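**Q** Take this structure first; my questions come after.
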Amino acid sequence: MWQEAWRLIRHDLQRAWWNYLLVMVLSLFFGAWTTLMLRGLTTGYSPDRYLLDFYFLAVVPIIGCPWYTGKYSERTQKQLRFYRSLPISVSGVVLSRILTVVLRAVSNALVMFGALYAFSPELRAMLTPLEFLWFALIWFGYGLALSLWYTYWEMNSGSQLKFWLYSSWYVVLWVGMCLLWWLVFDVLVLSSVIELARSFGWVAGLGSLVLGGLVTVYWWKLAKSNLEKRPLF
């Protein structure tokens, strides 16, 4: 299964290397742009302080998702037909897509958070390098868990309408999380993550990674189970 998955990953890298590069450039932009918004945390009240919560909750989950210019439904159906023509198991196919998202998430997170720390004196003043590592890992675990929805959609839908329907619940999730956090704790989500990194360090960072790993296994099993029921496979 693992060998099958790596074969497909190598094929994807050769076929769409430009897409990996494009998303890494966008990750660099996101990291640099965030530094401008972070100034609101150290300059008193500013709308940027609240936009930062939405920004982090919305941007971090897409670090592992590929951004294709073609139609979603057409691309997915072609991809599934290609997979069907290969002597590769369903488990190998789904695992390849899961690992693709994980690899993208790791590389893009390194670029995004590296730029964020390099270009943000405000963040460097709030967190030591080690604390920033835990801060980044907390966000990475969250982003990885939600990035993997793309694999589920890609393997089990392919419909552009369903893509937008699946995406809409994220908007509800982000708004709901922010409002709940603000009303219950009277503090920004980003400020809470910074405090977690300061106070709990590796426990919070590795805990988020473990949670992200468990969600990864869940997405793999769910996508595999549903894909096995599809007539195409």
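**Q** Say whether the condition of being hydrophobic (A, V, I, L, M, F, W, C) and at pLDDT below 65 is met by at least one residue in segment 48-61. Working first, answer last.
**A** Filtering segment 48-61 down to residues hydrophobic (A, V, I, L, M, F, W, C) leaves 51-52, 54, 56-60.
Next cut, at pLDDT below 65 only: none.
Within segment 48-61, none of the residues are hydrophobic (A, V, I, L, M, F, W, C) and at pLDDT below 65.
**Q** Can you list the helices (runs of 4 or more DSSP H) lying wholly within segment 130-233 that have 2 or more residues being closer than 17 Å to residue 100 by Cα and either small (Gly, Ala, Ser) or at pLDDT 75 or above (or both)? Break it down stepwise before answering.
**A** Numbers: elements: 149-156, 160-185, 189-200, 202-228.
Per the criteria, 149-156, 202-228.
**Q** Answer with yes or no whether residue 125 is within 22 Å of residue 224 (Cβ to Cβ), modelled with pLDDT of 80 or more and of a type in the set (A, V, I, L, M). Lay out the reasoning, then the answer.
**A** Working: within 22 Å of residue 224 (Cβ to Cβ): no; modelled with pLDDT of 80 or more: yes; of a type in the set (A, V, I, L, M): yes.
The answer is no for residue 125.
**Q** A further question follows. Here are some residues: 191, 225, 199. Which one is farther than 17 Å from residue 137 by Cβ and either touching a His at 6+ places or on another chain (Cβ under 6 Å) or loosely packed, with under 15 Cβ neighbours inside 10 Å (or both)?
**A** Values: 191 fails: either touching a His at 6+ places or on another chain (Cβ under 6 Å) or loosely packed, with under 15 Cβ neighbours inside 10 Å (or both); 199 fails: farther than 17 Å from residue 137 by Cβ.
Going through 191, 225, 199 in turn, the sole match is 225.
The values are calculated or read from the model by the stated rules, or taken from the named source; none is laboratory data. Source: prediction; values computed, not measured. A quick note on method: Cβ atoms are made from the backbone with ideal geometry, for glycine too, and the neighbour counts reach across all protein chains shown.
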